[in-house]
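One structure is given here, and the rest of the page talks about it.
The values are calculated or read from the model by the stated rules, or taken from the named source; none is laboratory data. Not measured: the values here are computed from a predicted model. Cβ placement follows ideal geometry from the backbone for every residue including glycine, while neighbour counts extend to all protein chains displayed.
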Amino acid sequence: AFLEAWDNACNASVESTRVYVPPEKTFLVYPIIFQGPCYASTINFVISGTIIAPESPNLWDGEDASQWLGFRNVNGLNVDGFGLIDGQGKAWWDQSCRYHPQLALKFVSCNESSVTNMKFINSAQTHVLVRGCNSFSIDNVLIESPGNSPNTDGIHIQSSQDVVITNSKIGSGDDCVSIGDHTSNIEINNVECGPGHGISIGSLGRGGNYVQVQNIRVTNAFFNGTTNGARIKTWQVGRGYIRDVTFQNLIFNYVHNPIIIDQNYCNVRNACEEQ
């Protein structure tokens with residue numbers, strides 16, 4: 001039903017079209033990719049109900065477990081509606097060494113797009129991934145996962161430009177927001193983080209990669225009970241640059257490392273001899 005609705009909306013020869021998930025309804029959705037490009041210049045994906053993932057890893061047998069909900073090559077996409085996306089990730093967290101959990105909501109090459117007024121909980125891994133996108137905004141989102149849930153980053157930005165995150169509250173078992181390589185012109189404003197590992201640039205440079213990150217601005221952030229606050233983490237073997245970075249107007253409450261720059265980052269046990 002979801003793919004049929006998407007195909008109808010994507011292929012409609014109109015200026016603006018809509019996919020609607022009604023309120024007070026819960027939909028169990030298996031891995032799905034909403035593929036573009038589309039004829040419509042604007043697609044409003046309105047989620048007012050609840051979308052849940054298959055709960056047990058065993059239910060993913062035969063499925064692509066690298067992602068759950070994906071949008072690819074869709075421009076002018078607006079995800080909105082005050083709905084809930086529940087990754088039901090606990091079974092994945094309990095077996096994180098056995099399985100490689102999937103990402104919850106993934107945007108790849110989606111330009112001039114946005115996510116607003118949404119709630120995300122209990123992703124098996126990263127809640128929202130923005131990769132290869134230009135002019136992407138996230139506003140008024142709530143992300144919640146327990147502080148001990150592994151690798152459940154709130155929002156990860158990779159290979160993207162002109163991304164804005166505002167007026168949001170993020171709690172997770174990893175970075176509230178993480179900024180990856182080939183990323184520039186990122187603005188994060190009025191975001192509350194906790195629990196979690198803070199707002200991080202990196203990790204960057206693993207495997208000797210050439211890093212290009214610039215023009216990052218984080219303002220009016222509140223870190224509450226996090227491991228870190230403002231964080232930059234790079235592998236010693238990395239090359240390249242991180243420049244024009246501003247952290248401003250930060251409030252810390254029970255934060256272990258309010259400001260940390262780690263240029264010898266390693267998260268693999270007994271695997272960083274060069275460091």
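The table below lists the values:
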| quantity | calculated |
| --- | --- |
| All positions within the stretch 157-175 that are over 18 Å from Asn111 (Cβ atoms) and either assigned by TED's automatic domain parsing to the domain that holds Ser114 or not hydrophobic (A, V, I, L, M, F, W, C) (or both) | Thr166, Asn167, Ser168, Lys169, Gly171, Ser172, Gly173, Asp174, Asp175 |
| Counted residues, the stretch 144-154 - those being assigned to a strand (DSSP E or B) and under 16 Å from Gln102 (Cβ atoms) | 0 |
| Members of the stretch 211-239 that are at pLDDT below 95 and surrounded by fewer than 16 Cβ atoms within 10 Å (Cβ to Cβ) | Gln236, Val237, Arg239 |
| Matching residues, the stretch 133-147, being farther than 20 Å from Gly76 by Cβ, buried (at least 24 other Cβ atoms within 10 Å of the Cβ) and of a type in the set (A, V, I, L, M, F, W, C) | Ile143 |
